[in-house]
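The values are calculated or read from the model by the stated rules, or taken from the named source; none is laboratory data. Just so we're clear, the structure is a prediction, and the values are computed from it rather than from any experiment. No Cβ is skipped: glycine too gets one built from the backbone with ideal geometry, and neighbour counts run over all protein chains shown. Surface accessibility is based on the protein's heavy atoms, side chains included, excluding ligands, DNA and RNA. Shrake-Rupley method; radii C 1.70, N 1.55, O 1.52, S 1.80 Å.
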Amino acid sequence: MADRVTVIGWDGSPLGRAAGSALSAATLVAGAAHHLALPEVPPTAERIRLGSVGLAARRIAGHRGSAVVLADGDPGFFGVVRTLRAPEYGLEVEVVPAVSSVATAFARAGMPWDDAQIVVAHPRTLRRAVNVCRAHTKVAVLTSPGAGPAELALLLDGIHRTFVICEKLGTAREQVTVLTSDKVADHMWRDPNVVIVIGGTGSASSLTRAGGWIAGRDPAHPPAERGWALPPAEVPARSEGEYAGLRAAQLARLGPRTGDLVWDIGCGSGAFAAEAGRFGAAVIAVDNDPEACRRSDAAGRRLGVQLQVVHGRAPHVLERLPEPDVVRIGGGGVPVVTAVADRRPERIVTHASTRDEAEALGAALAAGGYTVECALLQSVEMDTSDWSERERSVVFLLCGRQSGPRPRAPVTDGPG
């Protein structure tokens, strides 16, 4: 029974000595069609077309002889090595790597990539991959059928980005195309491909500044204030929805994270939206006040995050927005809470200045299928020059947590 498998990465260049030696001795070779067509594959070897890596691993584990798996690029980077090393297969894995497709794509584009986010897009993760592209200025997307360049561009509707699309890397059919995101869906693209998505505030400077000390987004660029729930900037008239204590509690209950899309409805100063973006989430800030939209855009730029600011009145403007993961509602009352609950985000936070208002909002959340919690928050800001009370804020904080699918209304016959 096989207990050892050699995994060979292939990037289109001639196989090295170690890879050639392992392949020449193989009695079983697994890979994609273009791998199995390589002249170095022994004609007498059993060949497995690699679809499900798990199924291939079971066949390799039961094979008597020397097994080789061929994979594109570096098989240890979002590749087959992870599955083959699963304990249930009992395989000892030896890896002969090649240049990863992501490294090759950035090389073709002539760009550094130590500051890039790297995501894998499948149909089930496509929306989260798009949210990363919304939130970050440089993202490499490893695509798959049904989650390719066209699908990425369509879901980025309203967000301008530049796509560097690298098709069939390492093969005779390799092609690199640069397009703006609004043109990408007009073309057919060949799998496999890597898409580099570039754009947003600060993207030009990120291509030329000195490298950081950590891969991905460097927290020191652009310089940002340390801490959370920072005092909001440029707030001419502070309301109970703007004070730092409430914002800290809202962020704690929503827990925005990379891959999420956050709605901030009634964004006011933009302080909450910008801070949610600092967690790596994509954020859409909504307000009917043009000045609030301007302040929110400025807050995003100040903290170095990518905000999409939408001017319009909720709940009507929400109909054209992409699906959220978590939502902060800064105003609009029961109609807005009800409209948001209909979109089924995982969590919703809002606030009220009176108990009656809190009860009404809580009832709307509960009717939408959410488990509701409410806390009365009191904050007293002190003047440390004489330790007198400067400002007091009292507010009800409500949080709705999704408690299961919302019951569907009965189906009735109606016009076609």
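With respect to ALA249, determine if the residue is closer than 21 Å to PHE396 by Cα, among the small types (Gly, Ala, Ser) and assigned to a helix (DSSP H, G or I). In short, yes. Can you tell me which residue within region 98-130, out of those that are aliphatic (A, V, I, L, M) and closer than 10 Å to GLY259 by Cβ, is farthest from the chain's Cα centre (by Cα)? Residue satisfying both the conditions and the ranking: VAL119. Restricted to strands (runs of 3 or more DSSP E) entirely inside region 289-395, those with at least 2 residues that are free of Cβ contacts under 8 Å to residues at least 12 places away in the same chain are 370-383.
All conditions but one from (1) modelled with pLDDT of 85 or more; (2) of a type outside the set (Gly, Ala, Ser); (3) open to solvent by 60 Å² or more (accessible area, probe 1.4 Å); (4) not in a helix (DSSP H, G or I) apply to CYS267; the one that does not is (3).
Residues are listed down the side, and each one gets a yes or a no for (1) hydroxyl-bearing (Ser, Thr, Tyr); (2) under 30 Å from VAL139 (Cβ atoms); (3) touching a Pro at 6+ places or on another chain (Cβ under 8 Å):
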{"residue": "SER13", "(1), (2), (3)": "yes, yes, no"}
{"residue": "ALA18", "(1), (2), (3)": "no, no, no"}
{"residue": "ALA26", "(1), (2), (3)": "no, no, yes"}
{"residue": "ALA32", "(1), (2), (3)": "no, yes, no"}
{"residue": "LEU50", "(1), (2), (3)": "no, yes, no"}
{"residue": "LEU55", "(1), (2), (3)": "no, no, no"}
{"residue": "ARG85", "(1), (2), (3)": "no, yes, no"}
{"residue": "VAL102", "(1), (2), (3)": "no, yes, no"}
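When restricted to residues that are within 36 Å of the chain's Cα centre (by Cα), part of a loop (DSSP other than H, G, I, E, B) and surrounded by 13 or more Cβ atoms within 10 Å (Cβ to Cβ), region 39-67 contains 1. When region 1-34 is filtered for residues that are farther than 29 Å from GLU88 by Cβ, in contact (Cβ under 8 Å) with a residue 12 or more places away in the chain and of a type in the set (D, E, K, R), only ASP11 remains.
Name the one entry in THR371, THR350, THR338 that is within 30 Å of the chain's Cα centre (by Cα), open to solvent by less than 50 Å² (accessible area, probe 1.4 Å) and either at pLDDT 95 or above or within 22 Å of LEU251 (Cβ to Cβ) (or both).
THR350
For region 292-315, what are the residues that are of a type in the set (A, V, I, L, M) and crowded, with 18+ Cβ neighbours inside 10 Å?
ALA292, ALA299, LEU303, VAL305, LEU307, VAL309, VAL310, ALA314
Which residues, counting only those in region 177-205, are β-branched (Val, Ile, Thr) and either under 25 Å from ILE284 (Cβ atoms) or open to solvent by 60 Å² or more (accessible area, probe 1.4 Å) (or both)? Listed by number, the residues that qualify are VAL178, THR180, VAL184, VAL195, ILE196, VAL197, ILE198, THR201. Residues of region 117-160 that are assigned to a loop (DSSP other than H, G, I, E, B), of a type outside the set (Ser, Thr, Tyr) and in contact with a Gly (Cβ under 9 Å, 6 or more places away or on another chain): ALA121, HIS122, PRO123, HIS136, ILE159, HIS160. Is at least one residue of region 37-45 within 23 Å of ARG85 (Cα to Cα) and in contact with a His (Cβ under 9 Å, 6 or more places away or on another chain)? Taking every residue of region 37-45 in turn, none turns out to be within 23 Å of ARG85 (Cα to Cα) and in contact with a His (Cβ under 9 Å, 6 or more places away or on another chain). When GLY170, GLY90, GLY158, GLY148 are checked against the criterion of being farther than 29 Å from HIS311 by Cα and open to solvent by 40 Å² or more (accessible area, probe 1.4 Å), a single residue qualifies: GLY90.
In the set (1) surrounded by fewer than 23 Cβ atoms within 10 Å (Cβ to Cβ); (2) within 10 Å of the chain's Cα centre (by Cα), the condition left unmet by CYS133 is number (1). For MET111, the conditions (1) part of a loop (DSSP other than H, G, I, E, B); (2) surrounded by 19 or more Cβ atoms within 10 Å (Cβ to Cβ) are fulfilled apart from (2).
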